[in-house]
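Peer 1: One structure coming up, written as structure tokens, with questions to follow.
Where a number appears in this text, it was derived from the coordinates with a stated rule and is not lab data. Model, not experiment: these values are computed from the prediction. Ideal geometry is used to build each Cβ from the backbone, glycine not excepted, and the neighbour counts take in all protein chains shown.
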Amino acid sequence: MSKKVATNIHRLIADLWHNPTVEEEFNNNRQEVFLRYGLTTEEIEALNNPDWKVLGSLGVFPVSQVIYLLKAVPQVRKHISMRKYIDRIRAEVIE
């Protein structure tokens, strides 16, 4: 069985990371950007209320989750590092 991969979410997150114009548009009107990327209602809800388990169930890779949080929730930058986030996911998944 193949795992679900959130292709449109990954495309959005990659563009947020690499394209300042997309990041600016996202900061000004997320809903419009979500729709432009063809996200489903379920995907939009998951991005509006980020939870690693929900995002993971949609096929969003852990590294993409961190990048999204860093771009979508600026105060996260003070509290999260890529290494700690991935270690936490591994610990919770392995338990």
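Peer 1: Given a Förster radius of 30 Å and the C-beta distance between His79 and Asn8 as r, what FRET efficiency does 1/(1 + (r/R0)^6) yield to the nearest 0.05?
Peer 2: So, using R0 = 30 Å, E works out to roughly 0.60.
Peer 1: Still on this structure, I have one more. Let me test this: with uniform point scatterers at the alpha carbons of the chain, what is the Debye-based log₁₀ I(q)/I(0) at q = 0.13, 0.23 1/Å?
Peer 2: -0.43, -1.30
Peer 1: Also: What residue among Ala72, Leu47, Ile86 has its Cα farthest toward the positive end of the dipole of the stretch 7-94, where the charges are +1 on Lys, Arg and -1 on Asp, Glu, each on the Cβ?
Peer 2: Ile86
Peer 1: Placing unit charges on C-beta atoms (Lys and Arg positive, Asp and Glu negative, everything else neutral), compute the dipole magnitude of the stretch 7-94 about its Cα centre in debye, rounded to 20.
Peer 2: That gives the stretch 7-94 a dipole magnitude of about 440 debye.
Peer 1: Work out the FRET efficiency for Glu24 and Asn48 from their Cβ-Cβ distance, taking R0 = 22 Å, and round it to the nearest 0.05.
Peer 2: Approximately 0.70, to the nearest 0.05.
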